[in-house]
Amino acid sequence: MRWRWTVPVLALTTALAGCGVRPTGVLDAGEPAGGLGRGMRLYFASDDGLQPVPRPDVRLTSLDGALKLLIGGPNASEREAGLTNLVDWLATIDARAAAPDRVTVHLTDGEGPVEPDLSVGQLVCTLARAQSLLRGSRPDRVRVTLVHTSGRSLGPYRCPQFLTR
């Protein structure tokens, strides 16, 4: 009677242990997943539009800190790759979060563009990324408004409006 149960139990154990899965070596699966990624990014201009440049080791404490990084411009290798900074007109640094998904940049009279261009895109995208890191909002949903002391304003804008389609 023991043999009657022993054979089916051994057969079932062998089948479950094998499962048909064989060991394999390392397989190349292609490029890593893309997307929003982590860490700070600055946006600089190129012949192809705005380009995000990672600054993974940067720890932000304020939006003004992100503006200081942006004003510092691209490093030597980034300049050699054709990236440039168009926000050289930015003299004062005063960016404030109005809400988790809204930022206001206060400009002095005579400072900055009068219509949206790539320099505005640099500000909008860099500040949207910074706001997302500081307040946990999604960078593509952050709206940035530029306000002159005269009361004239540009925006609100979102970063996707300035990215190459």
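Of the listed peptides 154-161, 126-133, what is their order by residue-averaged count of other C-beta atoms within 10 Å, with the highest listed first?
Ranking, from highest mean packing down: 126-133, 154-161.
Which percent of the accessible area of the stretch 47-165 is formed by carbon and sulfur heavy atoms (probe 1.4 angstrom)?
Its accessible area is 48 percent carbon and sulfur atoms.
Which Cα, out of TRP89, GLY136, GLY49, lies furthest along the positive dipole direction of the stretch 46-144 (beta carbon charges, K/R +1, D/E -1)?
Final value for the positive-end residue is GLY136.
What ranking, highest mean first, results for peptides 138-146, 79-87, 116-124, 54-62 when packing means the other Cβ atoms within 10 Å averaged over each residue?
Going from most to least packed, we get 116-124, 138-146, 79-87, 54-62.
In debye, nearest 20: dipole of the stretch 39-165 around its Cα centre with unit charges on the Cβ of K, R (+) and D, E (-)? Intermediate values should be presented prior to the final figure.
On the way: 15 positive and 14 negative charges, 134 e Å.
Around 640 debye, computed over the stretch 39-165.
Can you bin the stretch 54-165 into rounded, prolate or oblate? Criterion: square roots of the alpha carbon gyration tensor eigenvalues sorted a ≥ b ≥ c, rounded for a/c under 1.5, prolate for a/b above b/c, oblate for the rest.
Because its axes are fairly even, with a/c under 1.5, the stretch 54-165 counts as rounded.
Hey, what do the phi angles of the stretch 130-141 turn into as Karplus ³J(HN,Hα) couplings, whole Hz, using 6.51/-1.76/1.60 and θ = phi - 60°, x for Gly and Pro?
Once rounded to whole Hz, the list reads 4, 4, 5, 6, 7, 10, x, 8, 7, x, 6, 10.
The values are calculated or read from the model by the stated rules, or taken from the named source; none is laboratory data. Just so it is clear, the model here is predicted, and its values are computed rather than measured. Heads up, the Cβs are rebuilt from the backbone with ideal geometry, glycines too, and the neighbour counts pull from every protein chain shown. All accessible areas refer to the heavy atoms of the entire protein, side chains included, with ligands and DNA or RNA removed. Shrake-Rupley method; radii C 1.70, N 1.55, O 1.52, S 1.80 Å.
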